[in-house]
Amino acid sequence: MKPIITENSIEELAIEILRSQGWEYVRGLSIAPGAERAERESFEQVVLLDRLRKSVAIINPHIPTDAQEAAIQKALRIYSPDLLHSNEEFHKQLIERIKITYWQNSDERSHEVALIDFENIRNNQFLV
C-alpha cells in the first residue's frame, strides 16, 4: 500500500529541510494569539512585527527609528485588488528596498530601507 501524502507530512518535511539549513523553528501554537509567548494579536496578522522591527533596526542602524517604522508600514500596506500586483510590489520592496523620506535636524532626507540584508546574510533571521 502506498503511503498517503498529507498536508501535514509535507509541512513536516519542509520544516525538517529548513531546520537542516539553519532556520530557527518555532511551533505556531507557541506564538499564537493568547499563548504565553504570543507574537501576534490575531491569526490574520501574518507578519511577526516585533521580529521585523528588530531585524530592520539591525540591518539599517543609520536610519532613525521613525523612518524605519514608516518603511515597515509602507511594506505592510500594499493595497491592490489584484493579488499578483500586490505580491510583485512586495517582492520589489524586498529586492530594491523601500524608499522613504524623513526629517532629521530640520533637513528632509531620503533613504532606502532594506528588509533583507543581501550583503551580510547573518543580519537576517530565518524562521519557520
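No value in this document is a laboratory result; all are computed from the given coordinates. As the structure is a prediction and not an experimental result, all values here were calculated from the model. Backbone-built Cβ (ideal geometry, glycine too); neighbour counts: all protein chains shown.
If you take every residue apart from R109 with its C-beta less than 14 Å away from the C-beta of R109, what net charge results, scoring Lys and Arg +1 and Asp and Glu -1? Show your work: numbers first, answer last.
Numbers: positive: K99; negative: D66, D107, E108, E112.
Taking every Cβ under 14 Å from that of R109, the sum is -3.
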Three-way shape call for the range 1-45 based on the alpha-carbon gyration tensor, with the a/c threshold at 1.5: oblate
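Work out how much length S86 to L127 would gain on full extension: take 0.36 nm times their residue separation and subtract the Cα-Cα distance, in nm to one decimal. Each step should come with its number before you reach the end.
On the way: separation 41, 0.36 × 41 = 14.76 nm, distance 2.27 nm.
That pair, S86 and L127, stretches by 12.5 nm at full extension.
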Using a Cα-Cα cut-off of under 20 Å, which lysines could be cross-linked to K99, ignoring same-chain neighbours fewer than 8 residues away? K54, K74
What FRET efficiency comes out for the pair D66/V26, r = Cβ-Cβ distance, R0 = 35 Å, nearest 0.05? 0.75
Sticking with the crude label model, points 7 Å out along Cα→Cβ, report the distance from E41 to R53 in nm, one decimal please. 1.2
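I need the shape label for the range 47-123. Rule: rounded when a/c is under 1.5, else prolate if a/b > b/c, else oblate, with a, b, c from the alpha carbon gyration tensor. Can you show the working numbers first?
Details: a/c = 1.84, a/b = 1.31, b/c = 1.41.
Oblate.
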Choice from I95, I17, I78 with maximal GNM fluctuation in the chain (Cα, 10 Å cutoff): I17
Compute the separation of the alpha-carbon centres of the range 83-128 and the range 30-61 and state it in Å as a whole number. 17
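Using helices alone, what [θ] at 222 nm do you get for the chain, with -39,500 (n - 2.57) per DSSP H run of 4 or more residues, divided over all residues and rounded to the nearest 500? Walk me through the intermediate numbers first.
Values: 4 runs with 51 residues, N = 128.
Value at 222 nm, helices only, nearest 500: -12500 deg cm²/dmol.
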